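I have placed the structure first, in the form of structure tokens, so that the comments after it can refer back to it.
The values are calculated or read from the model by the stated rules, or taken from the named source; none is laboratory data. Worth saying up front: this structure is predicted, and the values here are computed from it rather than measured. Cβ atoms come from the backbone with ideal geometry, glycine included; neighbour counts cover every protein chain shown.
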Amino acid sequence: MADENNTNLSYDSSEGQISFADDVVAVIAGLATIEIDGVVGMSGGVADGIAEILGRKNFTRGVKVEVGTLEAAIDLDIIAMYGMNIPDVCRKVQENVKKEVEMMTGLDVVEVNVNVMGISTDSKQAKEMETSSRVK
């Protein structure tokens, strides 16, 4: 995948040049991902083993982008909500990320790969812990 600080995309116009850093595309993709119901957060991957829950400010965690001069490919590592139709959630993520990145940058998004790295059961687990104690 592309280096975090690499600037690959540029437009030439009569007024000058426009270019996007890879992190800009990654932030757009991250924000578009967490807008979808059923996505609890983004995973930083196996290396750090920590899922970033909504509300944090690092929207590039769990997002890898490869940006060419006209196209982009995006990989997302998400944490899904327990009880949701996960394939449906992933399709909605793909559609929203593609739409937002293309609208905001003009890049053609050739693929959006969604990797479900975990399932969040936080609220369900808390309720179960309160009601299912083995000893009283």
Next on the checklist: Which of the numbered conditions does residue 93 fail, given that it passes all the others? Conditions: (1) farther than 15 Å from residue 112 by Cα; (2) at pLDDT 95 or above; (3) not in a strand (DSSP E or B).
Outcome noted: (1)
Checklist entry - Given the residues 4, 100, which is the only one that is modelled with pLDDT of 95 or more and acidic (Asp, Glu)? => result 100
Checklist outcome for this item: Residue count, region 98-114, condition among the charged types (D, E, K, R) and in contact (Cβ under 8 Å) with a residue 40 or more places away in the chain, comes to 2
Next on the checklist: Step by step: first the residues of region 70-84, then only those that are over 13 Å from residue 115 (Cβ atoms) and out of contact with any Gly (no Cβ under 8 Å at 6 or more places or on another chain), then the one that is surrounded by the most Cβ atoms within 10 Å (Cβ to Cβ). Which residue is that?
Outcome noted: 72
Checklist outcome for this item: Reported set for region 100-109 where residues are surrounded by 13 or more Cβ atoms within 10 Å (Cβ to Cβ) and not in a strand (DSSP E or B) is 100, 101, 102, 104, 105, 107
Item to check | Criterion: surrounded by 11 or more Cβ atoms within 10 Å (Cβ to Cβ), modelled with pLDDT of 75 or more and within 10 Å of the chain's Cα centre (by Cα) - qualifying residue of 26, 21 | outcome: 26
Item to check | Odd one out for residue 88 among (1) modelled with pLDDT of 95 or more; (2) acidic (Asp, Glu); (3) closer than 17 Å to residue 25 by Cβ | outcome: (3)
Item to check | Where residue 64 falls short, out of the listed (1) modelled with pLDDT of 95 or more; (2) surrounded by 14 or more Cβ atoms within 10 Å (Cβ to Cβ); (3) out of contact with any Phe, Trp or Tyr (no Cβ under 6 Å at 6 or more places or on another chain); (4) part of a helix (DSSP H, G or I) | outcome: (4)
Checklist entry - Has region 42-59 got any residue that is among the hydrophobic types (A, V, I, L, M, F, W, C) and modelled with pLDDT of 95 or more? => result no
